[in-house]
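Written below as structure tokens is the structure these notes are about.
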Amino acid sequence: MDEIVVVEGAHELALEPGSGVARVVRCDDWDAGPGASLRCGLAALSEDVTRAVVVLADGPNLDPRAIERLLERTEPVLAASYDGTRSHPVVLARSAWSEVPDEGGRALDTEPLKTVLVDCSDLTPPGDVDYRR
């Protein structure tokens, strides 16, 4: 990965100053839907980036092999599938970025950008962990 961008919206993120691993971008339109946050993150990437790997911060069990498996493919919209259920990671080619609706990547599943599911059933799904403040 050449760049790591983290998008913050409803809640400000507390990152260690000078960590240098990820760049945080603020999405003021976060309340428009998950697609707004995704578009903010994509827009923050360098012009030479041709594909983006999308993962969610609340999926702590993501197996890196799922990312590798998706990156072996060339279709413009890819998503990991675990036992037939679409999940993360997702890989989006630059050609799909402008098509991301406010509803997010799941709503991007129409021709000509039909999502190709990549079977990752042999891997642990990323999970979904939410913390209450």
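The values are calculated or read from the model by the stated rules, or taken from the named source; none is laboratory data. Since the model is a prediction, treat every value here as computed from it, not as a measurement. Using ideal geometry, Cβ is built from the backbone for each residue, glycine included, and neighbour counts are taken over all protein chains shown. The protein model used for the area step is the full one, side chains on, heavy atoms only, and it has no ligands, DNA or RNA in it. Shrake-Rupley method; radii C 1.70, N 1.55, O 1.52, S 1.80 Å.
Of the residues screened, Asp119 is one that is modelled with pLDDT of 90 or more and among the acidic types (Asp, Glu).
Selection of segment 38-67 for residues being open to solvent by 30 Å² or more (accessible area, probe 1.4 Å) and part of a helix (DSSP H, G or I) yields Leu38, Arg39, Cys40, Ala43, Pro64, Arg65, Ile67.
Out of curiosity, is Ser121 open to solvent by less than 40 Å² (accessible area, probe 1.4 Å), over 28 Å from Ser46 (Cβ atoms), touching a residue at least 24 places away in the same chain (Cβ under 8 Å) and not charged (D, E, K, R)? When the stated conditions are applied, Ser121 does not pass them. Within segment 97-115, can you find the residues that are of a type in the set (Gly, Ala, Ser), over 14 Å from the mean Cα position of the chain (by Cα) and surrounded by 13 or more Cβ atoms within 10 Å (Cβ to Cβ)? Correct list: empty.
Restricting segment 69-96 to residues that are small (Gly, Ala, Ser) and farther than 13 Å from Thr124 by Cα leaves a set whose member that is surrounded by the fewest Cβ atoms within 10 Å (Cβ to Cβ) is Gly84. Restricting attention to segment 62-77, the residues being hydrophobic (A, V, I, L, M, F, W, C), in contact with a Ser or Thr (Cβ under 9 Å, 6 or more places away or on another chain) and either within 14 Å of Thr50 (Cα to Cα) or free of Cβ contacts under 8 Å to residues at least 24 places away in the same chain (or both) number 1. Please determine whether any residue of segment 99-109 is in a strand (DSSP E or B) and either modelled with pLDDT under 95 or in contact with a Gly (Cβ under 9 Å, 6 or more places away or on another chain) (or both). No: zero hits. If you check Asp109, Asp83, Asp130 for being closer than 22 Å to Val7 by Cα and of a type in the set (Asp, Glu), only one passes: Asp130.
Per this entry, Ser121 is not counted among residues that are small (Gly, Ala, Ser) and either within 15 Å of the chain's Cα centre (by Cα) or not in a loop (DSSP other than H, G, I, E, B) (or both). In segment 30-50, the residues that are free of Cβ contacts under 8 Å to residues at least 60 places away in the same chain and more than 15 Å from Val5 (Cα to Cα) form Cβ pairs under 6 Å with partners that are open to solvent by 30 Å² or more (accessible area, probe 1.4 Å) and aliphatic (A, V, I, L, M), at six or more places apart or across chains, as follows: Trp30/Ala10. Listed by first and then second residue, the pairs with beta-carbon distance under 8 Å, at least 6 apart or on different chains, first residue in segment 93-108 and basic (Lys, Arg), second surrounded by fewer than 17 Cβ atoms within 10 Å (Cβ to Cβ) and assigned to a loop (DSSP other than H, G, I, E, B), are Arg94/Val49; Arg94/Thr50.
Check whether at least one residue in segment 10-26 is in contact with a helix residue (DSSP H, G or I) (Cβ under 8 Å, 6 or more places away or on another chain) and modelled with pLDDT under 90, and report yes or no. The answer is yes, given that some residue of segment 10-26 is in contact with a helix residue (DSSP H, G or I) (Cβ under 8 Å, 6 or more places away or on another chain) and modelled with pLDDT under 90. Being charged (D, E, K, R) and surrounded by fewer than 16 Cβ atoms within 10 Å (Cβ to Cβ) is true of Asp29.
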